[in-house]
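Reading through the structure tokens given below for one structure.
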Amino acid sequence: MDVRSLDGRAGDVDHGSIGSGYPSYRRPDHRIAQAIADALGGARTVLNVGAGSGSYESAAAAVTAVEPSQSMRSQRAANLPGAVNAVAERLPFGDGRFDGAMTLFSVHQWSDLEAGLREMRRVTQGPVVVLTCDPESVRDFWLYEYAPEVLDTEARRYPSIEKMAACLGGVTSVQAVPIPWDCTDGFNEAYYGRPEMLLDPAARQACSAWSFIDDGVRERFTTRLRGDLDSGAWDERFGHLRSQAFHEGSLVILRATPQDKEEHHHGRT
Ligand SMILES: C[S@@+](CC[C@H](N)C(=O)[O-])C[C@H]1O[C@@H](n2cnc3c(N)ncnc32)[C@H](O)[C@@H]1O
């Protein structure tokens, strides 16, 4: 098992190179925050694994953050408690220590998914909540026509939802998370109706899949998208997305509760 906990590098990404732009382009979106809070179902003590700079950590809960990258830990807001330097695969907490646990946009970077999910289950009494993208649907997005390499990379990296559900066991549910048009958390699909944003290299850089792509692909992407925006070809095909309030894409919440705890959740199934 290759479990790293080093400065800069964590998982399969060099967060040192993703850089300091992450917190400004990946600001938590309040509608996605609500979906996460609903899934946590009122848990008071919450573990956040792969916490990054602290997005979606709510003041309503006592959050313990785990984050292996020094670069990400150093970008945490001053009002948040420091993150524990550890990895999902080896959580330094006792069994059942937390009411709930979440991991957001992180599982695809872990070196041992099953070990990480087993650990989350072990230290959590109630719901384990995974916000991630379904690899089955990441390619169903117009970006695939401009930068297939990026979405192929994402489809390869994101673990299968079924596999994660099986790993977590108990009672599981999967729910699509509608992406709002003005989503402040800038993952690729967040720009479904604002294609010009993806011409900004810093916005792309805040989505880790772009760091796997070589310069030639990036240049080809920029030239083609800019050309289609200038000529009106993009709008002819996808212009309706500019006024579509929400987009149901690949973003999902997987929620798993131990069988005997399910009665404590009063939200959706
Ligand atoms: C895309 S960032 C998401 C950060 C944050 N959860 C958010 O939503 O903004 C993925 C995070 O997972 C962390 N990570 C990578 N491998 C990990 C591992 N094995 N255990 C825990 N965290 C890991 C990375 O360091 C990075 O901060």
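The values are calculated or read from the model by the stated rules, or taken from the named source; none is laboratory data. Remember, it's a predicted structure, so these values are computed and weren't measured experimentally. Note that each Cβ is placed from the backbone with ideal geometry, even for glycine, and that neighbours are counted across all protein chains shown.
A few notes on this one:
- Restricting attention to the stretch 78-125 and to residues that are of a type in the set (Asp, Glu), part of a loop (DSSP other than H, G, I, E, B) and over 12 Å from residue 64 (Cβ atoms), the residue that is farthest from the ligand (Cβ to nearest atom) turns out to be 95.
- Among residues of the stretch 185-196 that are closer than 15 Å to residue 140 by Cβ, those with a beta-carbon under 8 Å from a residue that is of a type in the set (Asp, Glu) at least six positions away or on a different chain give the pairs 188/154.
- Only one of 212, 221 that is in contact with a helix residue (DSSP H, G or I) (Cβ under 8 Å, 6 or more places away or on another chain), more than 30 Å from residue 34 (Cβ to Cβ) and at pLDDT below 95: 212
- Each residue in the stretch 134-167 was checked for being in contact (Cβ under 8 Å) with a residue 40 or more places away in the chain and either among the hydrophobic types (A, V, I, L, M, F, W, C) or touching a Gly at 6+ places or on another chain (Cβ under 8 Å) (or both), and 13 pass.
- Among the residues of the stretch 30-46, not a single one is within 10 Å of the ligand (Cβ to nearest atom), more than 28 Å from residue 181 (Cβ to Cβ), touching a strand residue (DSSP E or B) at 6+ places or on another chain (Cβ under 6 Å) and modelled with pLDDT of 95 or more.
- All positions within the stretch 48-65 that are in contact with a Ser or Thr (Cβ under 9 Å, 6 or more places away or on another chain), within 8 Å of the ligand (Cβ to nearest atom) and either free of Cβ contacts under 8 Å to residues at least 60 places away in the same chain or more than 18 Å from residue 93 (Cβ to Cβ) (or both): 48, 51, 52, 53
- Test: residue in the stretch 237-252 that is touching a Leu at 6+ places or on another chain (Cβ under 6 Å) and in contact (Cβ under 8 Å) with a residue 24 or more places away in the chain: no
- Per-region count, the stretch 162-197, residues surrounded by 16 or more Cβ atoms within 10 Å (Cβ to Cβ), more than 15 Å from the ligand (Cβ to nearest atom) and acidic (Asp, Glu): 0
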